[in-house]
Amino acid sequence: MRIFDPHIHMTSRTTDDYEAMHAAGVRAVVEPSFWLGQPRTSPDSFRDYFDALLGWEPFRAAQYGIAHHCTIALNPKEANDPRCLPVLDELPRYLVKDRVVAVGEIGYDSMTPAEDTALATQLQLAADHGLPALVHTPHRDKLTGLRRTLDVVRESALPLDRVLVDHLNETTVEEAKDSGAWLGFSVYPDTKMDEVRMVALLREYGPERVLVNSAADWGRSDPLKTRKVGDLMLAEGFGEDDVDRVLWRNPVAFYGLSGRLELDVTSADATHEGNSILRGGA
Amino acid sequence: MTQHDAGHVTPAGHDPQGTTPAHVPPTGLRAALTAELDGAARAWLDQALDEAAAHPGTHGPISVWELRLAEAGRRCGPAHADAARVLVLHAARADTDALRRVYSQGTADERRAVLYALPHLVPGPDALPLVEDALRTNDTRLVAAALGPYAARHLDTHQWRHAVLKCLFTGVPVDRVADLDRRARGDAELSRMLADYAAERTAAGRTVPEDLHRVLALTGTEPPAPGTADPHGKES
């Protein structure tokens, strides 16, 4: 089973996770820019974070045979902090980089005017840079948040078929599917979706334009949830082609809209036994 | 995107002999790239180099050649990106200030290309802070790229010895260290450091890297018994 996790925050994960992910079949990931649990206080923190997503993290992933890509954005939560807002001016120089495959995560957290502005601005940036967008739907008041999100996208220069609407569930899947957007589902141990409900939704709505991710981060989450969904799909009677479509071909098709996917893992040519990570020379 | 199959591991932009874009003059690099790129990539490169030569300065928030530098991987493919980026930097006649900016704002791949470009663009030691930055990382691709002809020429002895040791720690083949023979020859302090490292590995029940014996032989000096010399302070 080849797996592309289209949403996972590897910065917060260990090399044990990379090893287990590779063993489970994960060969490619996209790491969306998001908040770090601890609020940032300046654009400089974002710069270091973006640089890590374009430097150290792809190197770590390559050690474990996993192709790493990222999406770049000011996240909705921190769009409300005036100390962070100036990072919007820094985004264009990041959005031209190789391996940046979308603008994201953008969207709503508390649905504030500041979030409206950041979302609209960044949808325009996506259109300007030939990139699709990864749009997070809010945890609270989700259906209202989805509707407002879709309205803003419709008013933007970015067509809905270049937008992945993420963290969907039973209450939001239908409207999201009708909009023509790509459909993302985050499978979590407690919140968001679980494997059983995910497979039920796949049966009801089909695998077309569906992407399943672990969204694993610094909170309680499981980087192997993609594999667990694949296993349950097979157990519940889906064919291998359906699994491959959801877990590999759909994410490749969506992020491939950027023209910047590079799924051939470039290893660190000078490393034996991965020991620069296990115990660096310094 | 160039490929949809996963899991294939390729070396990053150098051949086993340790030849990198730092070692090949730009004219030779361009000839080799022209021969290997397909039509679309070749046309992109030709245009990128013409633009860089015509407009080397900064225009607006970002110069056009810096945009080309950013997209070289997806235009030329990862195997040719290093060489393409070195050629863009060379065509733009990037000086130390420009190289510092591009390095600090660059992805790991762009930073590596800046390191490869140094011997072609910077005659003096002004760009050493970039080499030192790369040597502080644990990204072995950057460490290896930092130890090209520019470092061989300019890196001070203490830092150079530590860089060689770091190669042994992190598995960077010492073939990647430019001018290794010349700089190692007669270096008794390097010999002492290597012997101490070998002793540490042996005490831990670990193997001693083959490369360590090679460098030790290159020093041509007899190391003192392990641990008898005064250590030079600790690195943290």
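The values are calculated or read from the model by the stated rules, or taken from the named source; none is laboratory data. Remember, predicted model here, so these are calculated numbers, not experimental data. Neighbour counts run over all protein chains shown; Cβ positions are idealised from the backbone, glycine included. Areas reflect the complete protein model, heavy atoms only, side chains present, ligands, DNA and RNA absent. Shrake-Rupley method; radii C 1.70, N 1.55, O 1.52, S 1.80 Å.
Given the protein assembly as shown, what percent of its DSSP beta bridges are antiparallel, to the nearest 5?
5 percent
Could you state the angle between the C-alpha long axis of helix B:157-170 and the longest principal axis of the C-alpha atoms of chain B, as a value from 0 to 90 degrees rounded to the nearest 10?
Taking Cα atoms only, the helix is inclined about 90 degrees.
With a cap of 13 neighbouring Cβ atoms within 10 Å, and only residues DSSP puts in a loop, list the trypsin sites (Lys or Arg not before Pro) found in segment A:1-90.
Values: sites: A:Arg2, A:Arg13, A:Arg27, A:Arg40, A:Arg47, A:Arg60, A:Lys77, A:Arg83; in loops: A:Arg2, A:Arg13, A:Arg40, A:Lys77, A:Arg83.
Sparse-neighbourhood loop trypsin sites (Lys or Arg not before Pro): A:Arg83.
I want the antiparallel fraction of DSSP beta bridges within segment A:3-266, as a percent rounded to 5. Please report the intermediate quantities before stating the final value.
Working: 1 of 26 bridges.
So the antiparallel bridges in segment A:3-266 amount to around 5 percent.
Roughly how big is chain B's charge dipole about its Cα centre, with Cβ charges of +1 (Lys, Arg) and -1 (Asp, Glu), in debye to the nearest 20? Could you put the intermediate results ahead of the total?
Numbers: 25 positive and 31 negative charges, 13 e Å.
For this selection, approximately 60 debye.
Could you work out the mean count of beta carbons from other protein chains within 10 Å of each residue's beta carbon in A:87-96?
2
In Å², rounded to the nearest 100, what is the total accessible surface buried by chains A and B against each other with a 1.4 Å probe? Please list the in-between numbers first.
Values: alone 11590 and 12290 Å², together 20520 Å².
Adding both sides of the contact gives about 3400 Å².
Let's test the formula: R0 of 25 Å, r as the Cβ-Cβ distance of B:Asp126 and A:Leu36. What FRET efficiency results, to the nearest 0.05?
On the way: r = 36 Å, r/R0 = 1.43.
Computed FRET efficiency for B:Asp126 and A:Leu36: 0.10.
Count, for each residue of B:107-113, the Cβ atoms from other chains sitting within 10 Å of its Cβ, then give me the mean as a whole number. Don't jump to the answer; show the numbers that get you there.
On the way: counts 11, 10, 7, 4, 3, 0, 0.
Across B:107-113, the average partner-chain Cβ count within 10 Å equals 5.
If N is the number of residues in chain A, what value comes out of its Cα radius of gyration divided by 2.2 N^0.38 Å?
On the way: Rg = 17.8 Å, N = 282, 2.2 N^0.38 = 18.8 Å.
Normalised Rg, Cα atoms only: 0.95.
Nearest 0.05, what FRET efficiency do A:Glu155 and A:Asp48 give at R0 = 25 Å with Cβ-Cβ as r? Each step should come with its number before you reach the end.
On the way: r = 33 Å, r/R0 = 1.34.
The value I calculate is 0.15.
Sorting check: for A:161-169, B:90-98, which peptide has the highest mean count of neighbouring beta carbons within 10 Å, and how do the rest follow? Walk me through the intermediate numbers first.
Numbers: A:161-169: 24.0, B:90-98: 18.6.
Highest to lowest by the protection proxy: A:161-169, B:90-98.
Determine the dipole magnitude for the protein assembly as shown: charges of +1 sit on the beta-carbon of Lys and Arg, -1 on that of Asp and Glu, nothing else is charged, the reference point is the Cα centre, and the result goes in debye to the nearest 20. List each step's numbers first, then the result.
Working: 55 positive and 76 negative charges, 132 e Å.
Roughly 640 debye, rounded to the nearest 20.
Could you order the peptides B:113-122, A:144-153 from most to least packed, using the average number of other C-beta atoms within 10 Å per residue?
On the way: B:113-122: 24.7, A:144-153: 19.8.
My ranking of the peptides, most packed first, is B:113-122, A:144-153.
To the nearest 10 degrees, how steep is helix B:78-91 against the longest Cα principal axis of chain B, on a 0 to 90 scale?
70 degrees
For segment B:14-122, report the accessible area per residue in Å² (1.4 Å probe, heavy atoms, rounded to an integer).
Details: 4390 Å² over 109 residues.
On a per-residue basis, segment B:14-122 sits at 40 Å².
Using Cα atoms only, what is the angle between the long axis of helix B:210-219 and the major principal axis of chain B, expressed in degrees (0 to 90) to the nearest 10?
80 degrees
Tell me the volume per residue, in Å³, of the convex hull enclosing the alpha carbons of segment A:43-110.
Values: hull volume 5.7 nm³, N = 68.
Spread over its residues, the Cα hull of segment A:43-110 gives 84 Å³ apiece.
Highest GNM mean-square fluctuation, chain A, Cα pairs closer than 10 Å: which of A:Leu232, A:Leu247, A:Leu53?
Among A:Leu232, A:Leu247, A:Leu53, the largest mean-square fluctuation in the Gaussian network model of chain A belongs to A:Leu232.
What per residue convex hull volume, in Å³, do the alpha-carbon atoms of segment A:5-161 yield?
Details: hull volume 18.0 nm³, N = 157.
Here the figure is 115 Å³ per residue.
Going by amide H atoms built from the backbone, whose H comes under 5 Å of the H on A:Leu211, apart from near neighbours?
When sequence neighbours closer than 5 places are left aside, the close amide H contacts are A:Leu183, A:Gly184, A:Phe185.
Take peptide B:138-150, look around each residue's Cβ out to 10 angstrom, count Cβ atoms belonging to other protein chains, and average those counts. Working shown, then result.
Values: counts 12, 12, 14, 9, 5, 6, 4, 1, 0, 1, 0, 0, 0.
Mean shielding by partner chains, rounded to a whole number: 5.
Given a 1.4 Å probe and every protein chain left where it sits, what share in percent of the accessible area of segment A:16-66 is carbon and sulfur? It would help to have the intermediate numbers written out before the result.
Numbers: 850 of 1730 Å².
Here carbon and sulfur together make up 49 percent of the probe-accessible area.
Would you mind telling me the share, in percent, of accessible area of segment A:138-201 contributed by carbon and sulfur at probe 1.4 angstrom? Provide the component values of the computation, followed by the final result.
Numbers: 1340 of 2700 Å².
C and S fraction of accessible area: 50 percent.
Please calculate the 1.4 Å probe accessible area of A:Ser12, with all protein chains present, and give it to the nearest 10 Å².
Accessible area of A:Ser12: about 40 Å².
Quick one: which of A:90-96, B:42-48, B:190-196 comes out on top by average Cβ neighbours within 10 Å, and what's the full order, highest first? If you can, show how the numbers build up before the last one.
Values: A:90-96: 18.9, B:42-48: 16.9, B:190-196: 23.0.
Going from most to least packed, we get B:190-196, A:90-96, B:42-48.
Quick check on segment B:171-216: what are the equivalent-ellipsoid semi-axes from the Cα gyration tensor, as sqrt(5λ), descending, whole Å?
Values: eigenvalues 81, 35, 7 Å².
Three semi-axes, in Å: 20, 13, 6.
Just want to confirm a number: the relative contact order over chain A, from Cα pairs under 8 angstrom separated by 6+ residues, in percent.
Numbers: 519 pairs, mean separation 59.3, N = 282.
After rounding, I find 21 percent.
Assigning unit charges at the beta carbon (Lys, Arg +1; Asp, Glu -1) and nothing else, what dipole magnitude in debye, to the nearest 20, does segment B:125-231 show about its Cα centre? Provide the component values of the computation, followed by the final result.
On the way: 13 positive and 16 negative charges, 41 e Å.
In debye, rounded to 20, segment B:125-231 gives about 200.
Would you mind classifying the protein assembly as shown by shape? Square roots of the alpha carbon gyration tensor eigenvalues, ordered a ≥ b ≥ c; an a/c under 1.5 is rounded, otherwise it is prolate if a/b is larger than b/c and oblate if not.
Details: a/c = 2.08, a/b = 1.59, b/c = 1.31.
Because a/c hits 1.5 or more and a/b exceeds b/c, the protein assembly as shown counts as prolate.
State the extension gain, in nm to one decimal, for the chain segment bounded by B:Asp46 and B:Asp95, taking 0.36 nm per residue of separation less the distance between their alpha-carbons.
Values: separation 49, 0.36 × 49 = 17.64 nm, distance 2.14 nm.
Difference between extended and current length: 15.5 nm.
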